[in-house]
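One structure is given here, and the rest of the page talks about it.
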Amino acid sequence: MSQQENVVDLFALGQTCFDRFLREFAAYGLEADPGIELRQGNGVLCYYSLEDRHIYLSVPDFSRPVGKLQALFLRSLLGCDSDEDLFRFLGLFLSHIIAHELAHHYRHRYGLFGDSPWQEEQIANKLSVAVVKHRLSPEEKAFAKSFLRRAIETLAAKMEAKNIAVDSYYSVLHALNVSGQVGVADFENIELLQTALGVESEEFLKGSGHLSDEVEQRLTQRGDLIESIDHEYTSDQIKYIYYHVGWLYLDLTSRETEYVDEFARNYLNFKFELLPPPEPYTEAPDEKAIQACFKASQLSQPRSETAGRYFYKRYRSLLLAKMQSVELTMAAHNDRLKREVKLILENWSSDATDTLDYIAQLAPAKLRHLFPHLIADHLEPDLSPADHLPAETDRRLWAHVVNGAADEAATNTLHRLALLDRTDIYRGLPVEVLLKLIACFSLVRLAPGEPVIWQNERNDDVYILIEGKLEVLIDQAGQPTKVGEIHPNEIFGEIAFFTEDPRYATVRAVEPSKCYVLTDADLQLLAYDHPPILMQMAGVLAKRLAAVYNTTHNETV
């Protein structure tokens, strides 16, 4: 194949990526300008034009002398030994470049493109990582990292300032973790604190004693560095390329996984309508509110099993809150029950006898008629749930399920709750927790053959398959060997969440599939507030491992 044919193929590959991403992003609700085009550009850069709203891709054109000079310039700049390595790298990362520029377009189209070039570049990289990183095979990633390390060394030798790509990366924490200056345990702790408290990781790192004096000094100068990037962003071409090469290397090496749906929410202000969790009780619930939730459970059950479970769980939580507000008949059990009432609330399954039946024996006589085995006989005949349900979410779900009121948030909420009701891990959690959980979901769409997890890579997120079919593969002697399948309503990825070890298997789609993902940080925060999440996850995981052991042991025997 001639050099000219190589160049044409590269632009054609860019056009293919451009067309595919427009369709893929549209499936997530991201709509581009109807007339947007990928056009041939001049020079060695790819850019989005804020003036005409098109993307311009430049690749070396060997049919012209200037094209040969551009290729030589790129090879020299990136420390590349041959045209083949350069073309292989460009072939792999044209998709990254195109997705990056499309992110600029979406930000511009939705009126969110800001005044800081540095910030817009970091945001755009998140979308490109979401669609590129998980699609690269381990071999492709290894080649890319080797190429980028060499390019970083070559570019750094041409510049006075070193480490500016690390110091200007959107996440100092991830950059220092990749470079080995912050260990995995410290990384996890600081990430959790950052998410929980809304404080930038630099504040935890400064003066922590975990960093060298030189790195501490660089941290204090980070703001000045970012300001200088904004001021002279494209004026120094070597620095410009160095930033992007360094940031791309950190993106590929970082533990973090990005998702298109998450990008749309965080950086395009897309809102997925859901009902909010009810407010915590600040005083003893009204008796009629308890009865209303129980009656709502009975009346909604024939129309929606999920709604029936929702209202029964609400009834339980109100009754237990009522119990906490009164003296128990057996004083010796008072403090203990109040301590353990949350655990009782968060470990209920409709498949077993309700623990409330036992707690009734400790309840004051004036409350016993509210417990499951008696309440149906004491309901006021004319009690209207709509008039006494205590929270907005309760009333909207009731109106939607029983009265047929159109409510997008109620529809979406019931759909997601129904998915969790079908999982063995989350089914028993109270709705107050489940409503927090479903608000953290990000949707992941997978084409046939597309991986979501790679063996030996670090990714601690947990997934729920909601549509399609996935296969589980383990590398054996260099060959992927199928060891299992994942079907709708099954959860996967929880082993790495607990162990923080690299993934033990590759998971990829067999057919068009959809998953919900719970990120490691979100799930950890919920688990700290609601420990039964961890208990139930661990219990299910133990059963699965036992089943695998028994199967293997029986086969061996």
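The values are calculated or read from the model by the stated rules, or taken from the named source; none is laboratory data. All figures in this text were calculated on a predicted structure; none of them were measured in a lab. Virtual Cβ from ideal backbone geometry, glycine too; neighbours counted across all protein chains shown.
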Quiz item: Within the stretch 260-276, which residues are acidic (Asp, Glu) and surrounded by 15 or more Cβ atoms within 10 Å (Cβ to Cβ)?
Solution: Asp261, Glu262
Quiz item: So which residues in the stretch 474-489 are of a type outside the set (Gly, Ala, Ser) and either more than 29 Å from Ala418 (Cα to Cα) or surrounded by 19 or more Cβ atoms within 10 Å (Cβ to Cβ) (or both), if there are any at all?
Solution: Ile474, Asp475, Gln476, Gln479, Pro480, Thr481, Lys482, Ile486
Quiz item: Which residue pairs have Cβ atoms under 8 Å apart, sit 6 or more places apart or on different chains, and have a first residue in the stretch 440-456 that is closer than 14 Å to Leu473 by Cβ and a second that is polar (S, T, N, Q)?
Solution: Pro451/Thr506; Ile453/Asn459; Ile453/Thr506; Trp454/Ser137; Trp454/Thr506; Gln455/Thr506
Exercise. Sort out which residues of the stretch 219-246 are assigned to a helix (DSSP H, G or I), over 22 Å from His174 (Cβ atoms) and modelled with pLDDT under 85, and write them in order of number.
Key: Gln237, Ile238
Quiz item: How about the stretch 258-273: which of its residues are part of a loop (DSSP other than H, G, I, E, B) and either farther than 21 Å from Ala26 by Cα or touching a strand residue (DSSP E or B) at 6+ places or on another chain (Cβ under 6 Å) (or both)?
Solution: Tyr259
Quiz item: Can Glu511 be described as modelled with pLDDT of 95 or more and assigned to a loop (DSSP other than H, G, I, E, B)?
Solution: yes
Quiz prompt | Some residue of the stretch 305-325 being farther than 20 Å from His378 by Cα and modelled with pLDDT under 85 | solution = yes
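Table: residues versus (1) modelled with pLDDT of 85 or more; (2) under 23 Å from Phe272 (Cβ atoms); (3) among the β-branched types (Val, Ile, Thr).
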residue	(1), (2), (3)
Asp461	yes, yes, no
Leu465	yes, yes, no
Lys482	yes, no, no
Pro488	yes, yes, no
Leu518	yes, yes, no
Gln524	no, yes, no
Ala527	no, yes, no
Quiz item: Does Ala103 qualify as being modelled with pLDDT of 85 or more and touching a His at 6+ places or on another chain (Cβ under 6 Å)?
Solution: no
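Residue by residue, here is whether (1) assigned to a helix (DSSP H, G or I); (2) out of contact with any Lys or Arg (no Cβ under 9 Å at 6 or more places or on another chain); (3) surrounded by fewer than 20 Cβ atoms within 10 Å (Cβ to Cβ); (4) among the β-branched types (Val, Ile, Thr) holds:
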residue: Tyr56; (1), (2), (3), (4): no, no, yes, no
residue: Lys68; (1), (2), (3), (4): yes, yes, yes, no
residue: Cys80; (1), (2), (3), (4): no, no, no, no
residue: Ala99; (1), (2), (3), (4): yes, yes, no, no
residue: Gln122; (1), (2), (3), (4): yes, yes, yes, no
residue: Ser128; (1), (2), (3), (4): yes, yes, no, no
residue: Val132; (1), (2), (3), (4): yes, yes, no, yes
residue: Thr154; (1), (2), (3), (4): yes, yes, yes, yes
residue: Val166; (1), (2), (3), (4): yes, no, no, yes
Practice problem: For the stretch 401-460, enumerate the residues that are assigned by TED's automatic domain parsing to the domain that holds Pro385, acidic (Asp, Glu) and surrounded by 16 or more Cβ atoms within 10 Å (Cβ to Cβ). | Solution: Asp407, Asp421, Asp424, Glu432
Practice problem: Collect the residues in the stretch 287-308 that are among the polar types (S, T, N, Q), without any contact (Cβ under 8 Å) to a residue 60 or more places away in the chain and not in a helix (DSSP H, G or I), keeping them in residue-number order. | Solution: Gln301
Self-check item: Only one of Pro372, Pro390, Pro385 that is at pLDDT 80 or above, touching a Pro at 6+ places or on another chain (Cβ under 8 Å) and closer than 17 Å to Gly308 by Cα
Solution: Pro390
